[in-house]
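**Student:** Below is one structure. I have some questions about it.
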Amino acid sequence: MELEYALYQGDDLLKIGTADELAEYKQVKRKTILFYATPAYRKRTSEKGLRMIRLEEEQA
């Protein structure tokens, strides 16, 4: 099962999906979407920039 992410623009949730689904949604490469989740990207952008949060799987 692929990891799922939540993509935010500031405080607004844009979409939840896999890295491939979010890349298609934003029309960028998969590695660009994964870059949005890095500390380096957060340092380069303001609080209103895109943010990607990895969603954790629940343990059964």
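**Student:** If amide H atoms are built 1.01 Å from N in the plane of the peptide, which residues on other chains or at least 5 residues away come under 5 Å of the amide H of Lys15?
**Tutor:** HN-HN under 5 Å from Lys15: Leu7.
**Student:** Follow-up. Whole-Hz Karplus ³J(HN,Hα) for region 38-54, in order, using 6.51 cos²θ - 1.76 cosθ + 1.60 and θ = phi - 60°, x for Gly and Pro?
**Tutor:** Computed from phi, the couplings for region 38-54 are 8, x, 4, 5, 4, 5, 7, 10, 7, 5, 8, x, 5, 9, 10, 10, 6 Hz.
**Student:** Amide H to amide H, which residues 5 or more places from Val28 or on other chains are under 5 Å from it, using H placed in the peptide plane?
**Tutor:** none
**Student:** Scattering from the C-alpha atoms of the chain alone, worked out with Debye: what is log10 I(q)/I(0) at q = 0.13, 0.14, 0.28, 0.30 1/Å?
**Tutor:** Cα-only, vacuum Debye calculation for the chain: -0.32, -0.37, -1.25, -1.36.
**Student:** Calculate the dipole size of the chain relative to its Cα centre from +1 charges on Lys and Arg beta carbons and -1 charges on Asp and Glu beta carbons; express the result in debye to the nearest 20.
**Tutor:** Here the chain has a charge dipole of around 580 debye.
**Student:** Suppose we flag trypsin sites (Lys or Arg not before Pro) only when DSSP calls them loop and at most 13 other Cβ atoms lie within 10 Å. Which is the longest uninterrupted stretch of the chain?
**Tutor:** Looking at the chain, 1-28 is the longest stretch - no exposed trypsin sites (Lys or Arg not before Pro) with at most 13 other Cβ atoms within 10 Å.
**Student:** Taking all protein chains as present, what is the carbon and sulfur share of the accessible area of the chain, in % to the nearest whole number, probe 1.4 Å?
**Tutor:** 48 percent
**Student:** Taking the solvent-accessible surface of protein heavy atoms with a 1.4 Å probe, what is the per residue accessible area of region 4-54 in Å²? Walk me through the intermediate numbers first.
**Tutor:** Values: 3560 Å² over 51 residues.
Solvent-accessible surface per residue comes out at 70 Å².
The values are calculated or read from the model by the stated rules, or taken from the named source; none is laboratory data. Being a predicted model, the structure only gives us computed values, none of them experimental. Every residue, glycine among them, receives a Cβ derived from its backbone with ideal geometry; neighbour counts consider all protein chains shown. Accessible surface is based on the protein model in full, side chains and every heavy atom, while ligands, DNA and RNA are left aside. Shrake-Rupley method; radii C 1.70, N 1.55, O 1.52, S 1.80 Å.
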